[in-house]
Amino acid sequence: MTTWLTFLADQGANISDDAVPRVSSFGAEIPGETAKTNFVTPLTHLGLIAASGDEAASFLHNQLTNDVEHLGNKEARLAGYCSPKGRLLASFLIWQTADRIMLQLPRELQATIQKRLQMFILRAKAKLADVSEEYVMLGVAGPAAASALMPWFPTLPVAIYGKVDNEAGTVIRHSNAFDVPRYQWITTVEQAIEAWPHLTEILQASGADAWQLAEIDGGVPHITAATQEQFVPQMINFELLGGVNFKKGCYPGQEIVARSQYLGKLKRRMLHASVTATQVAAGTEIFSVDDPDQPCGMVVNAERSGADTTDCLVEIKLAATDSAVHLGSASGPLLSFQPLPYPLTDPAA
């Protein structure tokens, strides 16, 4: 194990032995409860690609759904990477450092996405590197989050996806979830180890499920291996979260993404749902009782929210919500739809 993972194990973390190590818990956590209060969690399931070079920004600008050339120093942005058919291959959180542009994505996709992007660099003055081991990413949430971070960040970003940098690293503000603020701290292994005792005096050490459940409550989707090439960005509300810029130049799939935006009312969207089931995976199809032989959508992300319940983000035909919708088959567990924290607006015709 790496120095960081060894340290976490010494602190009582239960770490999966999968190809992508994930902190599942610290002791006997109650699914769903931690996400609603003060917590800190290591985001070891996320990876980082660093783009450097004089033409790194212009290269990424021509590959991703968002504006990279005008990415400010005090902000982060969501961005997608699409196939030529306009289907998402990956979703990123992107930001700038002094000399690099960082792309954060699920670590299970990092190597293949970096390899695919590398194919298109050609003669551009840009380099891509896997820097996942160079940094520690911590999810920090709750009413006490600001006081926990104060020794290193006396001033925190206020705007959603606002960013503050100093010698202790980078802090990015995330959308509220369960009515509490959330931040991500990106720092060095040494700084994270030094800060951990103070953070866990104020916040509960938690597995990654608390952060992922908060992302679901915030209506923020993540493309994983199970859902690659399944969704045009608007199908998972990505443009509503600022992940698509419709005024920038071309990128793979741009014509299809633009056409989806300007043909009028969107027929498919992403909704928040809960279900009485514990083994729910991204990519699982959902079915309406009105058309039991054809899936009406798919689970985008899912996390346990209780002893026998799971919260999901599901992509669905909006017309199907007029009837009962079930997980896995028309006779599977019933989905109960919950409100999203943002309105589902349609593009102007």
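The values are calculated or read from the model by the stated rules, or taken from the named source; none is laboratory data. What you see is a predicted model, and the numbers here were worked out from it, not measured in a lab. All Cβ positions, even for glycine, are placed from backbone atoms using ideal geometry, and neighbour counts span all protein chains on display. Each accessible area value is taken on the protein alone, full model and side chains, heavy atoms only, with ligands, DNA and RNA left out. Shrake-Rupley method; radii C 1.70, N 1.55, O 1.52, S 1.80 Å.
Observations on the structure shown:
- Over the range 281-343, accessible surface divided per residue gives 44 Å², non-protein components excluded, 1.4 Å probe.
- For LYS85, the lysines whose Cα falls under 29 Å of its own Cα, not counting residues fewer than eight places away in the same chain, are LYS115, LYS125, LYS127, LYS247, LYS248, LYS265, LYS267, LYS317.
- Accessible-area composition of the chain, carbon plus sulfur, in percent [1.4 Å probe]: 51
- Helix-derived mean residue ellipticity, 222 nm - over the chain, DSSP H n ≥ 4, -39500 (n - 2.57), to 500: -5500 deg cm²/dmol
- In a reduced charge model with +1 at each Lys and Arg Cβ and -1 at each Asp and Glu Cβ, the chain shows a dipole moment near 1180 debye about its Cα centre.
- Centroid-to-centroid separation of the range 1-25 and the range 273-324 [C-alpha atoms, Å]: 30
- Residue-normalised accessible area of the range 60-117, expressed per residue, 1.4 Å probe, Å²: 37
- Sequence-distant residues sharing a close amide H with SER305 (under 5 Å, placed H): THR310, ASP311
- For the range 108-263: rounded, prolate or oblate by the Cα gyration tensor [a/c cutoff 1.5]: prolate
- Heavy-atom surface of the range 136-207, accessible at 1.4 Å and reported per residue (Å²): 38
- (1) 130; (2) 139; (3) 151, with the label sought being that of the calculated volume of the Cα convex hull per residue in Å³: (1)
- Here's how it looks for GLN338: its modeled amide H is under 5 Å from those of HIS272, ALA273, SER274, which are all 5 or more places away or on a different chain.
- Taken about its Cα centre, the range 208-316 carries a charge dipole of about 620 debye when Lys and Arg each add +1 at the Cβ and Asp and Glu each add -1 at the Cβ.
- Rounded, prolate or oblate (a/c below 1.5 giving rounded, otherwise prolate when a/b exceeds b/c) for the range 137-190 by Cα gyration tensor: prolate
- The range 327-349 and the range 111-149: distance between their alpha carbon centers, rounded to Å: 30
- Selection from LEU318, GLN254, ALA282, by position along the positive dipole direction of the range 216-349 (Cβ): GLN254
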